[in-house]
């Protein structure tokens, strides 16, 4: 199984706009990442799942426009910034289908810690806005990082 973890693209601050839509730079970066992924990486997805927050939804929509997941995008609980990472760790452990999760920090960092080390407090990945982290589960149910792409290297 493959899972892709994406921190939403750069968004406006709460002070600028309480809804926290993406900034122009955020839109540009997620477009750049999604375009690169489509051209250079064979990502085949069933679905892109986001937290429901505007910044995550817009990021998921931009990715879906390029990656064309077979079942589109959907909203789910348990991806909010302060959500318990064990919720998605459990869901992922029962799945065989490749998915992309678009969410927030600190949740994504904690989820990666659980999957890669069994400890949500281990900061094992330096997430960046609009970056994609690909994790692979092997036959022994161990997770490893396959690759990471971020706007600054694309």
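Output the Kirkwood hydrodynamic radius of the chain, Cα pairs only, in Å rounded to one decimal.
About 15.3 Å, per the Kirkwood formula over Cα pairs.
With just the Cα atoms defining each centre, how far is segment 1-62 from segment 103-154? Give it in Å.
16
Using helices alone, I'd like the mean residue ellipticity at 222 nm for the chain: each DSSP H run of four-plus residues gives -39500 (n - 2.57), total over residue count, nearest 500.
-10500 deg cm²/dmol
Using Cα springs under 10 Å in a Gaussian network model of the chain, which residue among 84, 141, 98 shows the largest mean-square fluctuation?
Maximum fluctuation in the GNM of the chain, among the listed residues, is at 141.
Using only Cα positions of segment 34-101, each an equal point scatterer, no hydration layer, compute I(q)/I(0) via Debye at q = 0.19, 0.26 Å⁻¹ and quote the log10 values to two decimals.
-0.77, -1.18
Any read-out appearing in this document is the output of simple, stated calculations on the displayed coordinates, not a laboratory observation. Remember, predicted model here, so these are calculated numbers, not experimental data.
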